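**Q** Quick one: the structure is below, and I'll ask about it shortly.
The values are calculated or read from the model by the stated rules, or taken from the named source; none is laboratory data. Just so it is clear, the model here is predicted, and its values are computed rather than measured. Cβ placement follows ideal geometry from the backbone for every residue including glycine, while neighbour counts extend to all protein chains displayed.
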Amino acid sequence: MTTAQGERLWEAAASVPPGGAIAEIGSYRGKSAIVLASAAADGVTVTAIDPHAGNDRGPQQIHGTADEGQSDHDAFLANLAAAGVSGKVRHLRAYSHDALDAVPEELDVLYIDGAHRVGPARDDIVSWGTKVRPGGLLLIHDSFSSIGVTLALLTTLVPGGTFRYLGRDGSLARYRREDVGGADRLRNVGRQLLELGWFARNVVIKALLVARLRSVARRLGHDGETWPY
């Protein structure tokens, strides 16, 4: 998560009035949960959902071990305590599809950074997107960067008419739930399809990094050894 993406999460959480609700799918070691909880007003429910099972921990880390998951869980709890927000975060150690009934229907902010394969990512967008209240915000990490997440977007939000695309900070795409119809819907589709150029660039950069051609990746404007976010 970049500094700009953290600022977007902060702004979104800070906009939620007391009595509102925030949920995130995919907590890893707690960075995003800390940002959301630190910005949220008193009386706002912040729910972090992550099974900490060792899988889907990051790029090229789809499969893992139970020990890795437990280590992530321990670090998550320790980091929340160190940030002083343990009392503001309700953690559901469960897969997102198993946590649906434990989270209120009306979410002011939903942040998705869970499994990046197309099937699970699509399920999160479809199943959890219905919980976002009209006017609420949906933020999705690794959009137009991860192949799976991008395919999930192309089959859900891009052609859909219930979320307006607001833009992105790196791979953090922002949507607001509202009806989008007619010519406005076509413009909404077009704005998202324009991001496919950036997506293609990211796929090329990832391939270059895997092939250890970092010097070539730098010529495309990518500075560093991590995948583009």
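**Q** With the checklist (1) touching a strand residue (DSSP E or B) at 6+ places or on another chain (Cβ under 6 Å); (2) surrounded by fewer than 19 Cβ atoms within 10 Å (Cβ to Cβ); (3) over 28 Å from LYS206 (Cα atoms) in hand, flag the one item LEU107 doesn't pass.
**A** LEU107 satisfies every listed condition except (2).
**Q** Say whether the condition of being among the β-branched types (Val, Ile, Thr) and either at pLDDT below 95 or surrounded by fewer than 21 Cβ atoms within 10 Å (Cβ to Cβ) (or both) is met by at least one residue in segment 58-70.
**A** Among the residues of segment 58-70, at least one is among the β-branched types (Val, Ile, Thr) and either at pLDDT below 95 or surrounded by fewer than 21 Cβ atoms within 10 Å (Cβ to Cβ) (or both), which makes the answer yes.
**Q** Hey, which of the strands (runs of 3 or more DSSP E) in segment 1-103, taking only ones fully inside, have at least 1 residues that are within 24 Å of SER145 (Cβ to Cβ)?
**A** 21-25, 45-49
**Q** Shifting gears a bit: Return the residue satisfying two criteria in turn: it lies in segment 1-34 and is more than 13 Å from the chain's Cα centre (by Cα) and among the polar types (S, T, N, Q), and of such residues it is farthest from ALA82 (Cα to Cα).
**A** SER15
**Q** Tally the residues that are surrounded by fewer than 24 Cβ atoms within 10 Å (Cβ to Cβ) and in contact (Cβ under 8 Å) with a residue 60 or more places away in the chain, restricting the search to segment 29-43.
**A** 1
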